[in-house]
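Trainee: Let me begin by handing over the structure; questions about it come next.
The values are calculated or read from the model by the stated rules, or taken from the named source; none is laboratory data. Everything quoted here is computed from the prediction, not taken from an experiment. Every residue, glycine among them, receives a Cβ derived from its backbone with ideal geometry; neighbour counts consider all protein chains shown.
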Amino acid sequence: MNILVTGGAGYIGSHTCLELLNAGFDVTVVDNLSNSKKESLKRVQELAGKTLPFFEVDLLDRVSLESVFESKRFEAVIHFAGLKAVGESVSFPLKYYQNNITGTIVLCETMSKYGIKNLVFSSSATVYGDQPIVPLQEGFPCQPTNPYGRTKWMIELILQDLYQADPDWNIALLRYFNPVGAHSSGLIGEDPQGTPNNLLPYIAQVAVGRLPKLKIFGNDYPTSDGTGIRDYIHVVDLAHGHLKALDKLQEDPGVVIYNLGTNRGYSVLEVLKAFEAASQKEIPYEFVERRPGDVAVSYADASKANTELNWECSRGIKEICVDMWRWQSTNPQGYPD
């Protein structure tokens, strides 16, 4: 089966490409390299012992995107490409709406033109917003609290409308919680440009000496230690979820929605202690003001994916931190330019 992966050079995309290749899929990647590097795909190919075609294409560039679809017949698309920083989305909402929503529309129009109607979409738990009840279930109302989350929710609505208009589509909407960790080889991992927006790469860069101290955004949340609680899912477990979603699309399910998470949460301070144990490093930190749009507690009820996709996480917080430290300590500056 030939799979097109948008944003495939990125963090989650590169790990998913590796698992696809290992499972025998043919993989083609499009990525504009705005927050990724081609080196990740070079290493993916080394690990898999296979090659994959790469096109440096922005989804907003319809002509270039169509040339990719002219190059090969694809059976399905996994759509990762998009801007993803909550804080940045608050400061630059139009940038996020233009890139994430318009890019997805161009992609779907191009898929439709070439008769490809199987899509796995990279959504996010941010679509739930600040819910009064946890764990979060797929049937909860969506009420995102920031522009990034609203782009994911709007795309979900667009894709559901697309299916209503054309039931030949099969679409899996995967709501990720917090992807973390790295491949056990230490060759591929998360390499954010600039100061990391997410907790684990921030901690790792402090541990390796790239940043002076960890900033913890808020210590007055209504949680056991005052810091925010999140559901941290190993990126390889998350990648496997995409393969299971592709299997599901072969059943012609229409539109299906799944949480991908671990069914439990950890506070910022709990993650910090776990990483200190894994790295044998003391991580200096300071508390700062909360970030706009952040919520106190978010973790998944992933039982639907466990049952319907036969998928579950096999890696816990200890393995997450060990793998993350292996990646960061052997690649202290991330991927080379």
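Trainee: Given the structure, is Ile229 touching a residue at least 40 places away in the same chain (Cβ under 8 Å), within 17 Å of Ala125 (Cα to Cα) and touching a strand residue (DSSP E or B) at 6+ places or on another chain (Cβ under 9 Å)?
Mentor: When the stated conditions are applied, Ile229 passes them.
Trainee: Kindly indicate which of Asn310, Asn259 is at positive phi, in contact (Cβ under 8 Å) with a residue 12 or more places away in the chain and not hydroxyl-bearing (Ser, Thr, Tyr).
Mentor: Asn310
Trainee: Just one of Leu249, Leu238 is touching a residue at least 40 places away in the same chain (Cβ under 8 Å) and closer than 22 Å to Val86 by Cβ; which is it?
Mentor: Of Leu249, Leu238, the one residue that is touching a residue at least 40 places away in the same chain (Cβ under 8 Å) and closer than 22 Å to Val86 by Cβ is Leu238.
Trainee: I've got another one for you. In the range 185-202, what residues are touching a Pro at 6+ places or on another chain (Cβ under 6 Å), at pLDDT 95 or above and in a loop (DSSP other than H, G, I, E, B)?
Mentor: Glu190
Trainee: Which numbered condition in (1) in contact with a helix residue (DSSP H, G or I) (Cβ under 6 Å, 6 or more places away or on another chain); (2) at negative phi is the only one that Gly186 fails?
Mentor: (2)
Trainee: A follow-up question, please. Is it fair to say Ile133 is over 17 Å from Asn2 (Cα atoms), without any contact (Cβ under 8 Å) to a residue 60 or more places away in the chain and in a loop (DSSP other than H, G, I, E, B)?
Mentor: So Ile133 fits the description; yes.
Trainee: Sticking with this structure for a sec: Which residue, of Val5, Val63, Val68, Val90, is more than 18 Å from Gly241 (Cα to Cα) and touching a strand residue (DSSP E or B) at 6+ places or on another chain (Cβ under 9 Å)?
Mentor: The unique qualifying residue is Val68.
Trainee: Restricting attention to the range 203-214, and to residues there that are part of a helix (DSSP H, G or I) and of a type in the set (Val, Ile, Thr), which single residue is nearest to Pro292 (Cα to Cα)?
Mentor: Top of the filtered list is Ile203.
Trainee: Okay, moving on. Can you name every residue in the range 119-166 that is at pLDDT 95 or above, farther than 23 Å from Leu246 by Cβ and among the charged types (D, E, K, R)?
Mentor: Of everything in the range 119-166, just one residue is at pLDDT 95 or above, farther than 23 Å from Leu246 by Cβ and among the charged types (D, E, K, R), namely Arg150.
Trainee: Can you pull out the helices (runs of 4 or more DSSP H) entirely within the range 1-106 that have at least 3 residues that are without any contact (Cβ under 8 Å) to a residue 40 or more places away in the chain?
Mentor: By residue number, 11-22, 38-48, 62-71.
Trainee: Look at the range 145-179 and say how many of its residues are in a helix (DSSP H, G or I), out of contact with any Ser or Thr (no Cβ under 7 Å at 6 or more places or on another chain), surrounded by fewer than 22 Cβ atoms within 10 Å (Cβ to Cβ) and among the charged types (D, E, K, R).
Mentor: The total comes to 1.
Trainee: Please return the ranges of helices (runs of 4 or more DSSP H) entirely within the range 223-337 where 1 or more residues are under 30 Å from Ala76 (Cβ atoms).
Mentor: Correct list: 235-249, 303-308, 317-330.
Trainee: What tally of residues in the range 285-321 results from selecting those that are over 19 Å from Tyr221 (Cβ atoms), hydroxyl-bearing (Ser, Thr, Tyr) and within 19 Å of the chain's Cα centre (by Cα)?
Mentor: The number of residues fulfilling the criteria is 1.
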